[in-house]
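Next up is a structure, given as structure tokens.
The values are calculated or read from the model by the stated rules, or taken from the named source; none is laboratory data. Fair warning: this is a prediction, and the values are worked out from it, not measured in the lab. Heads up, the Cβs are rebuilt from the backbone with ideal geometry, glycines too, and the neighbour counts pull from every protein chain shown. Ligands, DNA and RNA are stripped out before the accessible areas are found, and what is left, the full protein with its side chains, is counted by its heavy atoms. Shrake-Rupley method; radii C 1.70, N 1.55, O 1.52, S 1.80 Å.
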Amino acid sequence: MSGRPHEASARACANIALAKYWGKSDVKRNLPAVPSISMTLDQLVTETRVRFDPSLDADNVRLDGRRASTEEAARVVAMLDRVRRQARLQTRARVSSHNHFPTAAGLASSASGFAALAAAASAAAGLRQSARRLSALARASSASAARSIFGGFVELPAGKRGDADLAARQLAPPGHWNLRLIVAQTATGPKKVGSTEGMERSRKTSPYYTTWIGQAPKWARTIKRAIKDRDLDALGLAMEQSTLAFHCCAITSTPSIVYWAPQTLTALDTVRGLRERGVSAWATMDAGPHVKTLCDASDAARVRQALDRTAGVTRTWVTKPGPGVEVHS
Ligand code: DP6
């Protein structure tokens, strides 16, 4: 590696899926069975440092100051191995990653985490990767991470079996639309079933999975058009349908996966109530009980106040469209 950089840091933001990804067409290559569309979120940042160190016998992974669990470390090492293969490297690495947002917010730290890791590890190995290649690399570890490589509004197409290069692409930059996403925390503690496991269980056991796969592209198309036209009502309606349909697959899996808490429904009711009073506010939930509400920047204070007053909501955060991954050597 002499003459090449062997240490680099990268910063990536989390993202929220507007059109949801749930289910894989190729488990080994981690290819999504449906197209998904997201908004990258500012403030919710992961920073990751990678150093290839010839004195190490094994990769060393630290997450938020603690040693990674065996399962967490295995996913990080799999990504490092892909980078090492591309760079023709043998050297082991020291990885240190920090989430600058409360993981209790239930916002997928794997998306920002694997996007930052893909960029930092590639730069540290001396690889000059395009954003597209970084996105494909991140996707192989976690499909939602492919979207966090880009800022603003992002699309990840569905993958066909064997398609090793599938990557996300930017639909519009952060400045395209002044939206806000209000995250309402409704419970604490780690999620019950991780998304990787949950979507596999849905694929294998939910009688509604095939219908989901058939319908999901339609919502993604509507959302893509709504982003182009800055049509929040059209986006919101399709986003809520996409959300409820993927939760339908989770709930009807065997054994059933219910990500919601009673407070989730209370918060959903608040969002519906806001709409009845003329506010264009729309809710989405991922593999957890928290409710995330999309609205125009001019309505953010009102929406946040309504959620803060909702029984069972313990905290709220306001986020807006954020930037793509950044590398610092
Ligand atoms: C509900 O990207 O975490 O948040 O590819 O197995 O790592 P893997 O799954 P992951 O799934 C995210 C699921 C979701 C919806 C979404 O972000 O599109």
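So, restricting to strands (runs of 3 or more DSSP E) that lie completely within region 1-60, which ones have at least 3 residues that are hydrophobic (A, V, I, L, M, F, W, C) and crowded, with 19+ Cβ neighbours inside 10 Å?
Result: 7-19, 36-52.
Please indicate, with yes or no, whether at least one residue in region 20-41 is within 21 Å of SER195 (Cα to Cα), touching a strand residue (DSSP E or B) at 6+ places or on another chain (Cβ under 6 Å) and more than 16 Å from the ligand (Cβ to nearest atom).
So far as region 20-41 goes, no, none of its residues is within 21 Å of SER195 (Cα to Cα), touching a strand residue (DSSP E or B) at 6+ places or on another chain (Cβ under 6 Å) and more than 16 Å from the ligand (Cβ to nearest atom).
Filter region 287-329 for residues that are at pLDDT 95 or above and in a loop (DSSP other than H, G, I, E, B) and give the result.
Correct list: ARG309, THR310, ALA311, GLY312, VAL313, LYS320, GLY322, PRO323, GLY324, VAL325.
Only one residue in ALA105, ALA87, ALA93 is out of contact with any Pro (no Cβ under 7 Å at 6 or more places or on another chain), at pLDDT below 95 and either open to solvent by less than 70 Å² (accessible area, probe 1.4 Å) or among the β-branched types (Val, Ile, Thr) (or both), so which one is that?
So the residue among ALA105, ALA87, ALA93 that is out of contact with any Pro (no Cβ under 7 Å at 6 or more places or on another chain), at pLDDT below 95 and either open to solvent by less than 70 Å² (accessible area, probe 1.4 Å) or among the β-branched types (Val, Ile, Thr) (or both) is ALA105.
Condition test on ARG161, is it in contact (Cβ under 8 Å) with a residue 40 or more places away in the chain, open to solvent by less than 20 Å² (accessible area, probe 1.4 Å) and charged (D, E, K, R)?
For ARG161, the condition - in contact (Cβ under 8 Å) with a residue 40 or more places away in the chain, open to solvent by less than 20 Å² (accessible area, probe 1.4 Å) and charged (D, E, K, R) - is not met.
Would you mind finding the one in SER130, SER142 that is crowded, with 20+ Cβ neighbours inside 10 Å and either within 13 Å of the ligand (Cβ to nearest atom) or more than 25 Å from CYS249 (Cα to Cα) (or both)?
SER142
Is one or more of the residues making up region 158-169 under 30 Å from THR316 (Cβ atoms) and of a type outside the set (Lys, Arg)?
Within region 158-169 (the criterion being under 30 Å from THR316 (Cβ atoms) and of a type outside the set (Lys, Arg)), the answer is yes, since at least one residue qualifies.
Of all residues in region 194-231, which are part of a helix (DSSP H, G or I) and polar (S, T, N, Q)?
SER195, THR196, SER202, THR205, THR210, THR211, GLN215, THR222
In region 263-281, which residues are surrounded by fewer than 23 Cβ atoms within 10 Å (Cβ to Cβ) and among the hydrophobic types (A, V, I, L, M, F, W, C)?
Scanning region 263-281 gives LEU265, LEU268, LEU274, VAL279.
For region 184-213: of the residues being more than 16 Å from the ligand (Cβ to nearest atom) and farther than 27 Å from ARG315 by Cβ, which is surrounded by the most Cβ atoms within 10 Å (Cβ to Cβ)?
Ranking the candidates gives THR205 first.
Examine region 62-69 for a residue that is assigned to a strand (DSSP E or B) and closer than 19 Å to ALA138 by Cβ, and state whether such a residue exists. First the steps, then the outcome.
Going through region 62-69, the residues assigned to a strand (DSSP E or B) turn out to be 62-63, 66-67.
Among the residues that remain, those that are also closer than 19 Å to ALA138 by Cβ are: 63.
Checked region 62-69: at least one residue is assigned to a strand (DSSP E or B) and closer than 19 Å to ALA138 by Cβ.
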